[in-house]
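This report concerns only the one structure given below.
The values are calculated or read from the model by the stated rules, or taken from the named source; none is laboratory data. Since this is a predicted model, take the numbers as computed values, not measurements. FYI the Cβ positions are ideal-geometry reconstructions off the backbone, even for glycines, and counts take in every protein chain you see. These area figures cover heavy atoms from the full protein model, side chains too; ligands, DNA and RNA do not enter into them. Shrake-Rupley method; radii C 1.70, N 1.55, O 1.52, S 1.80 Å.
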Amino acid sequence: MRYVKNVGLGIKTPASAIEGSFVDKKCPFTGNVSIRGRILKGLVISTKMKRTIVVRRDYLHYIKKYRRFEKRHKNIAVHCSPAFPVKDGDIVTIGECRPLSKTIRFNVVAHEPAVHAKSGKKSFRVF
């Protein structure tokens, strides 16, 4: 019998977490991490680290003097459980959790595969 918990917030536990055999203490479904705080969406731009991905969040910042918006972005380091087969270009939903390391404060809770061919890592997309 495998220990699996419901994260809550309307997030479904993936089947690969229920049936999988991986051991990940930082997984929100099988480990000792609770999701609380912000729930965000972003584009995966790097999967080169072990169990960690980099997610790009694009947003618009208003400049009052010129009455216009400028494009800005932030890269967020996110822990990715082996339950999600994430690749570059995918869109992931991430949830805030306790600090897992020096830079990681978010965990992947849902995953949408890339629908069409990647239009570049640095292209601007608002979700």
Discussion item. With the requirement that a residue be open to solvent by 10 Å² or more (accessible area, probe 1.4 Å) and either within 14 Å of Met49 (Cβ to Cβ) or assigned to a strand (DSSP E or B) (or both), what does segment 88-107 give you?
Written reply: Asp88, Ile91, Thr93, Glu96, Leu100, Ser101, Lys102, Thr103, Ile104, Phe106
Worksheet entry | Unmet requirement for Ala77, which otherwise passes all of (1) at pLDDT 95 or above; (2) exposed (fewer than 13 other Cβ atoms within 10 Å of the Cβ) | (2)
Worksheet item: Does Lys122 qualify as being farther than 30 Å from Ile18 by Cβ, open to solvent by 80 Å² or more (accessible area, probe 1.4 Å), assigned to a loop (DSSP other than H, G, I, E, B) and not acidic (Asp, Glu)?
Response: yes
Discussion item. Would you confirm, using the coordinates I've provided, whether Ser34 is among the small types (Gly, Ala, Ser), part of a loop (DSSP other than H, G, I, E, B), more than 19 Å from Ile91 (Cα to Cα) and touching a residue at least 60 places away in the same chain (Cβ under 8 Å)?
Written reply: yes
Fill in: From the options Glu112, Glu70, residue that is closer than 13 Å to Gly42 by Cα and open to solvent by 60 Å² or more (accessible area, probe 1.4 Å)
Glu112
Worksheet item: All but one of (1) closer than 22 Å to Lys121 by Cα; (2) surrounded by 15 or more Cβ atoms within 10 Å (Cβ to Cβ) hold for Pro85; which doesn't?
Response: (2)
Worksheet item: Does segment 11-33 contain at least one residue that is touching a Phe, Trp or Tyr at 6+ places or on another chain (Cβ under 6 Å), modelled with pLDDT of 95 or more and under 30 Å from Met1 (Cα atoms)?
Response: no
Item to complete: Identify the residue in segment 37-51 that is open to solvent by 20 Å² or more (accessible area, probe 1.4 Å) and under 10 Å from the mean Cα position of the chain (by Cα) and, among all such residues, is nearest to Gly89 (Cα to Cα).
Response: Lys41
